[in-house]
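Working notes, beginning with the structure itself.
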Amino acid sequence: MVQITADLIQTCFELRNTGIREAACQYRIKELAETMSILYKILKKHKDNPEAQRYQRSLNEMLSRSSQFAAFKRSYVRKHLGDYPDLENMVR
């Protein structure tokens, strides 16, 4: 009886909607890749022109804790503070 119950639980909760879960996971991976690509472009523009307020505002928004994938973006900037020392306050 225990084995049958365990098999039933596994079938119901672990195998159900597998295709939907994989699609959702792929969607999140794609969104993360696009978001990071945008961050890289803005960081390059900021590095080329650090005085531009436009890029400062964009980075401030992208690096806010409430933004999508904030932990990934903030972690990347923290690891590259040597390239972007003026962004330290945004990621602490």
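The values are calculated or read from the model by the stated rules, or taken from the named source; none is laboratory data. Remember, it's a predicted structure, so these values are computed and weren't measured experimentally. Reconstructed Cβ throughout: ideal geometry from the backbone, glycine too, with neighbour counts over all protein chains shown. Heads up: the accessible areas ignore ligands, DNA and RNA and are worked out on the full protein's heavy atoms, side chains in. Shrake-Rupley method; radii C 1.70, N 1.55, O 1.52, S 1.80 Å.
Quick notes on this one:
- Any hit, region 40-53, residues being touching a residue at least 12 places away in the same chain (Cβ under 8 Å) and aliphatic (A, V, I, L, M): yes
- Tally, over region 57-74, of residues that are surrounded by fewer than 16 Cβ atoms within 10 Å (Cβ to Cβ), under 14 Å from ASN89 (Cα atoms) and not charged (D, E, K, R): 2
- Scanning region 30-52 for residues that are open to solvent by less than 40 Å² (accessible area, probe 1.4 Å) and of a type in the set (Ser, Thr, Tyr) yields one hit, THR35.
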